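The values are calculated or read from the model by the stated rules, or taken from the named source; none is laboratory data. For clarity, every value in this text was computed on a predicted model and none was experimentally measured. Neighbour counts are summed over all protein chains in view; Cβ atoms, including those assigned to glycine, are modelled from backbone coordinates with ideal geometry.
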Amino acid sequence: MNLHAFPLLARAEQSFHAGRHDEAARLAMAHQRQNPGEPRGLSLLGLLATETGALYQGEIFLRRSLGAAPNRDTALNLARNLNQQSRLAEALALFEPLRSDSDPQTEVVVSLILDKLGRHEESRTILERMAKRYPDRPNIWLAYGHNLRFDGQTDKAIEAYRRAIALQADLGEAWWGIASIKRKVFDANDIAAMKEAIAVAVDAANLAPLHFALGRALQAEQRYEEAFAHFAEANAIWARELHYDSGQLSREVEESERLFTAEALNASQGAGDPSSAPIFIVSLPRSGSTLLEQMLGSHPDIEPLGELPHIPALLRTMMEGATRAGIRSVPEAIARLSPQDRTGMGQEYLRRVQAHRKTERPYFVDKMPHNWSNALLLRQILPNAHVVDIRRDAMTCCWSNFSHSFSRAHASSFTLEGIGRAYVDYVRLMAHLDRALPGWVKHVAYDELIERPEPVLRALFEGLGIRFDEEVLRFHEAKRTVRTPSAEQVRRPLNREGVGTWKPYEAWLGPLREALGNLAV
């Protein structure tokens, strides 16, 4: 296309590439007003909307552009948009005709989608092929390492991570991939290499996981003061980037208590999809949800599906529309859902889940921990779903979060006060649900589960209305891929390795104790 005929679009693209997105959007909209339906301008608007988080609006622009003039780059951007919306099967269908071995970046994205859909062998085949063709690409070895680790091939995973590090010494996620393995792997040479990498790394996405990995290595050497310093710096890096407001979650929980009383919830019955197939395991991260899912998934009537992204994705789409309507809070948006909206969202969730399922078992587990904060949405769109809260003691849970390398999605863990307040808010919302909907949430204490698994599980299955099966006690024998940091742990018999891990750091945990208050026992 000759952009001389479209000077506004030419300026818009220049602004976009210079990172001036607001200016680019204004120019692109002005271009569209002069040239309604012009596809390149629509494509740019779609890309801008996607990059600013307005995913549904971005999808609309991209689809309009493709309808006017098919274009590979636009199709790729639409596929990436759908992937960000966690519409995985739709994204995969769009990616398929665009794939090429000469485009390793797209191949890695496709492999990650396949992995999320539970098609792990297909994902691994792609990564093995890409690693052979592009042996100098650290991101390919990194993705391959993750795939191998989640499949239980720990030694091969370590080899892949080390290949990635050999190509990029400051690749923090590869160092963390090794550090998060539940056995001692690092030696003195590794510790020295991580210190050297920290000295040269500039990107927070590398620097933060490097500090987490070095902290974990020093912890294994019982050098706790040094380890704490690196955990604290890793979290501080993300905290400076994100400016997380720990009060927002507290305000949402308080608003939920006000809007969703027992009377309001009883009055809102009768909408949502009636399926009783979903079993949601909710908790703060690092609370034992992977262990509990492995146990439940060993039952012949239950299919374990891992951490599904679909409830957070549906919530994000809901909030995109609600914000345009002037609704500013999640609880208010949920309260304003019409019966048709609630039923439609429940049906859409089940439709998306179907792409993950491989059996006809009557129940499935979705163990996305963060769904604790989405519990009221679950109630409104899937009122007959089962919700199980697994709770770890406050100090161990919060320390495990603070010392773990998370993505930006778990911003509350980046300060001791923030993770402490999140735990308090979580307990507060669960207590409210117990008052407003007695018996709806089933509770499991992690310490009791590992000490007395059979009576705890028997009580849980009775509460769920599902017959008990002895197979759930042999969970560690199950052969399945586990896509969480606890991948190795759930393949072993029960143990108390994760209990009291905060105690060597007690001298530095004053802000956490203060935030937890009476829960810090």
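Does Ile178 count as surrounded by 15 or more Cβ atoms within 10 Å (Cβ to Cβ), aliphatic (A, V, I, L, M), in contact with a Phe, Trp or Tyr (Cβ under 8 Å, 6 or more places away or on another chain) and not assigned by TED's automatic domain parsing to the domain that holds His410? Judged against the criteria, Ile178 is a match.
Yes or no: the stretch 100-113 includes at least one residue that is over 26 Å from His310 (Cα atoms) and in a helix (DSSP H, G or I). Among the residues of the stretch 100-113, at least one is over 26 Å from His310 (Cα atoms) and in a helix (DSSP H, G or I), which makes the answer yes.
Here Ile126 passes the criteria (1) within 27 Å of Ala91 (Cβ to Cβ); (2) modelled with pLDDT under 95; (3) of a type outside the set (Asp, Glu) except the one numbered (2). Condition check for Trp141 on (1) buried (at least 21 other Cβ atoms within 10 Å of the Cβ); (2) not in a helix (DSSP H, G or I): one failure, at (2).
Considering only residues that are of a type in the set (Gly, Ala, Ser) and in a helix (DSSP H, G or I), which ones fall in the stretch 59-99? Within the stretch 59-99, Ser65, Gly67, Ala68, Ala75, Ala79, Ala89, Ala91, Ala93 qualify. Output the number of residues of the stretch 186-210 satisfying the condition of being surrounded by 24 or more Cβ atoms within 10 Å (Cβ to Cβ) and more than 21 Å from the chain's Cα centre (by Cα). Summing the residues that are surrounded by 24 or more Cβ atoms within 10 Å (Cβ to Cβ) and more than 21 Å from the chain's Cα centre (by Cα) in the stretch 186-210 gives 1. Would you check which residues across the stretch 151-176 are farther than 25 Å from Asn235 by Cβ and assigned to a helix (DSSP H, G or I) and list them? Hits for the stretch 151-176 are Thr154, Asp155, Lys156, Ala157, Ile158, Glu159, Ala160, Arg162, Arg163, Ala166, Leu167.
Against the criterion of being over 30 Å from Ala239 (Cα atoms) and among the aliphatic types (A, V, I, L, M), Ala394 does not qualify.
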